[in-house]
Amino acid sequence: MPKIYIVEDDEPIRAELAHLLERNGFRVAWCERFDNVADEALAAQPDVVLLDLTLPGTDGQLVCRELRQRSDVFIIILTSRVTEVDEVMGMTMGADDFIPKPYSARVLVARINALLRRRAADAPERNVLAHNGLTLDLSRSEAHAAGGTVELTKNELRILALLMRHAGSIVSREAIMRDLWDSDAFVDDNTLTVNINRLRRSLAKIGVEGYLVTHRGRGYAV
């Protein structure tokens, strides 16, 4: 079930969007604070971000640019700022679509589904992640490096895939545990530590040492 992340500071509009999307078969998440929007959005691992441009303490254009620099997640700008300059800037910053408010519910859902169909068409290419000499085959649950190939457990695969998708950024322990909970795996803080250590040992089998970096009190990165 695709997940949609809503970045909208108007609570009634946010609630309306959440209700609409859930009725149409989507999982929904959102932020209620706007001082760290990109980090919160990416930690939720959405398929699509719905992004307002007028946000407290920041500007949606800047959020759009940061999201695009760090991820290939689909971004739909949904805003009452509908000047030509806003639309051009949004697309320049990396948005995939631009929908003015007030929006048509049918059009919004159709645009989201159109983007998801595009992602599905690209799926074969997205089954492989690569970063810093390590390749992760998601369909086979295998990690490859110059030292060979190692098969990963389900949890090892999910952890490594999450970190590789956010390469260069620190992913909090809480975000990793949320991701594992979504897979119906039982995980608490101690369980996560065990899985991280197992993943390190698995990578060491193919000569990959020090790939997972611990940032004490903050999380992990690759």
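Just how far, in whole angstrom, is the stretch 30-80 from the stretch 135-155 if you go by their alpha carbon centroids?
Using only Cα atoms to place each centre, the spacing works out to 31 Å.
Please determine, in degrees from 0 to 90 and to the nearest 10, the orientation of helix 60-70 with respect to the longest principal axis defined by the Cα atoms of the chain, where the helix direction is its Cα long axis.
20
What's the exposure ranking of GLU22, GLU156, GLU8, going from fewest to most Cβ atoms within 10 Å?
By the 10 Å Cβ count, ascending: GLU22, GLU156, GLU8.
Excluding residues on the same chain fewer than 8 positions from LYS3, give the lysines whose Cα lies under 21 Å from its Cα.
Partners found: LYS154.
Under 1.5 on a/c is rounded, so check that first for the stretch 3-122, then, if it is not, pick prolate when a/b is larger than b/c and oblate when it is not; a ≥ b ≥ c are the square roots of the alpha carbon gyration tensor eigenvalues.
Note, shape of the stretch 3-122 comes out rounded.
Angle, helix 11-23 long axis vs. longest principal axis of the chain, Cα atoms, 0 to 90°, nearest 10?
70
Set the Förster distance to 41 Å, then compute FRET efficiency between VAL109 and ARG216 from the Cβ-Cβ distance, nearest 0.05.
It comes out at approximately 0.40.
Match the structure shown to one of the listed values [x] 18.7; [y] 18.2; [z] 17.2 of Kirkwood radius over Cα pairs in Å, computed from it, and give that label.
Correct label, based on the coordinates given: [x].
How large is the helix-only mean residue ellipticity at 222 nm for the chain, computed as the sum of -39500 (n - 2.57) over DSSP H runs with n ≥ 4, divided by its residue count, in deg cm²/dmol to the nearest 500?
Taken over the chain, the calculation gives -13500 deg cm²/dmol.
Every read-out reported here was derived from the displayed coordinates using simple, explicitly stated rules and does not represent laboratory data. None of these values were measured; they are calculated from a predicted model. No Cβ is skipped: glycine too gets one built from the backbone with ideal geometry, and neighbour counts run over all protein chains shown.
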